[in-house]
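What follows is a set of notes on a single structure, which appears directly below.
Derivation of every value follows stated rules applied to the coordinates shown; laboratory data play no part. This one's a predicted model, so the numbers in the text were calculated from it and none came from an experiment. So basically every Cβ, Gly included, is an ideal-geometry build from the backbone, and we count neighbours across all protein chains shown.
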């Protein structure tokens, strides 16, 4: 059995080696796997009711029983009834877990789970574990009568053969590929509760930019696709899938795995991407991944909002967003294949430094009556207020005016860049145009390095993420905080005093780029608790929050859908009786306020805090 399993792993390793180089310290990685599996993976698994006990029983029982049985080569153990009783207990435990594996898809398989070879897995597990239990019980009842155990051993052999097939060509391949991926993860910083969300810079002088064929992925990323167990958690939490957009993250990862393995799309037995046009469903390690004659339709690629909900939910910690952006980079930089609306936005960014093509001098027009100082190279300030792309919109200008008033009430010395503020490049990078992003970043970094300030404060989580997490790799390092974090500091320091107002119920909508990307969940809630007497939580909040639909270039990518993501989100707010939805992102404000009335009122946290300020 062990030899057969080892042999079944050889083709996987050979296939991964066709990917690009990504040096890893495998000794240290493998040493870290037990903790990564028992802590990080377990925390994700247990979010689905019943999944953790099932895995603990079937995996723990099967592995422990098999290892204990193998230890029977030691004569002293083989002669001990107590030893055989222990072996029996392990296998019986695994039989209980096997029942839970069977029950998961019977009598009716949930839509988010795949079928196919998964339906045969309980049979192989039962044969192996029941055979093992009977072998042990025979030795307990009749010591030394090894020949009597022929039938159970035959049962084990049949089950073992089935498990080898499941590892080689079925869902159990994740048992080997998952360990490999956990040991050689592309973002090891995520383990132990860490966070790693920044997109990595692309070497623009490389002959291939982004990913066009499976072989363009790094070898360990190819292993991650094989590690997918098709549990459907990403599918259940994907806002694009919920809205009927042409993306199912599970189908996407499986499409990448099938392309690398050279298998047909028919091997996938889960839910497809909603309404995605048909493709040939053919793939190979050197064949195109995206296209009507390939495995994945282009519409699937542009439907992603890059919210990282799929990544957050995945028990194998697969990096869906990294893969999608790599594919977008290939389409954008190598082929020039982007959606028309996105192409227009990228052209305006290249031509004017602003995605709407509007004058840079008009960015601060919404603050015209506030007499906000502009920071020049000769001046110095404590806080540089980064306005962001949304500043051109009248609605977001209300948020900025509220923030400016609060900064003045707290006697904060601050300034803006004025027309020296370019777009930070978030949109370009998420759409795969790394060249435009790096051009913009170079200019912005040069501007910021020529100014003197203590920290940057912004009300735009997308700008926060780029300035704080992605510019350092290109030479730009400053302290950058979200406006809710900064306001929370001012309240805690007593520089702003709040009197909680008796408003209708207020629910906070976590922006993806503030919460999942940057780990800020508490400061906005502390501010709301201080400013509003009645707050409620939507079912999906914190790390589990649902995207507004405004990220990843989605609004400019002409994405087809059955529903609008913000409509779904506002429905979730209505379900908990929220009359006001508090936000902390201009994109979220625009998307949620675009929902037809009747709906909850949308207010930025800065506006709610300003209303609750006690005059000095």
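Data overview
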read-out: Alpha-carbon radius of gyration plus Dmax, which is the widest Cα pair, for the range 455-496 in Å; value: 11.7, 37
read-out: Contact order relative to length of the range 10-183, as percent, for alpha carbon pairs under 8 angstrom and 6 or more apart; value: 25 percent
read-out: DSSP bridge pairs, the chain: antiparallel proportion in percent, nearest 5; value: 5 percent
read-out: Label point distance in nm, residue 370-residue 579, each placed 7 Å from Cα along Cα→Cβ; value: 2.8 nm
read-out: The range 1-62-the range 190-232 distance, computed between alpha-carbon centres (Å); value: 17 Å
read-out: Residue order, fewest to most beta carbons within 10 Å, for 434, 607, 537; value: 537, 607, 434
read-out: Helix axis angle, 150-169 relative to the chain longest principal axis, alpha carbon, degrees; value: 30 degrees
read-out: q = 0.21, 0.22 Å⁻¹, the range 497-612: log10 I(q)/I(0) [Debye, one scatterer per Cα]; value: -1.18, -1.28
read-out: Cα gyration tensor shape of the range 444-519, rounded if a/c is under 1.5, else prolate or oblate by comparing a/b with b/c; value: oblate
read-out: For a label point 7 Å along the Cα-to-beta-carbon line of residue 204, residues of the range 458-498 with backbone N under 18 Å; value: 467, 470-476
read-out: Euclidean distance of C-alpha centroids, the range 328-351 and the range 97-126, integer Å; value: 43 Å
read-out: Sequence of 42, 541, 482 once ranked by neighbouring C-beta atoms within 10 Å, starting from the fewest; value: 42, 541, 482
read-out: Cα-Cα separations in the range 10-183 greater than 25 Å, expressed as whole percent; value: 43 percent
read-out: Volume in Å³ per residue [convex hull over Cα atoms, computed for the range 101-199]; value: 180 Å³
read-out: Three-way shape call for the range 271-354 based on the alpha-carbon gyration tensor, with the a/c threshold at 1.5; value: oblate
read-out: Three-way shape label, the range 211-318, alpha-carbon gyration tensor, a/c 1.5; value: oblate
read-out: Residues residue 393 and residue 7, FRET efficiency given R0 of 60 Å [Cβ-Cβ distance, rounded to 0.05]; value: 0.50
read-out: Residue-span extension gain [residue 71 to residue 411] - 0.36 nm each, minus C-alpha spacing; value: 115.2 nm
read-out: Fraction of alpha-carbon pairs over 43 Å apart in the chain - percent; value: 30 percent
read-out: The chain, relative contact order [Cα under 8 Å, separation at least 6], %; value: 12 percent
read-out: Degrees between helix 26-35 axis and first principal axis of the chain (Cα, 0 to 90, nearest 10); value: 90 degrees
read-out: Pairwise label distance in nanometres, residue 140 with residue 35, each label 7 Å out on the Cα-Cβ vector; value: 3.7 nm
read-out: Taking the range 478-540 and dividing mean pair separation by its residue count, relative contact order in percent (alpha carbons under 8 Å, at least six apart); value: 44 percent
read-out: Gained length - residue 350 relative to residue 505, 0.36 nm times residue gap less alpha-carbon distance; value: 51.4 nm
read-out: Fewest-first sequence of 83, 508 by Cβ atoms within 10 Å of each Cβ; value: 83, 508
read-out: Rounded tilt (10° steps) of 249-261 against the dominant C-alpha axis of the chain; value: 60 degrees
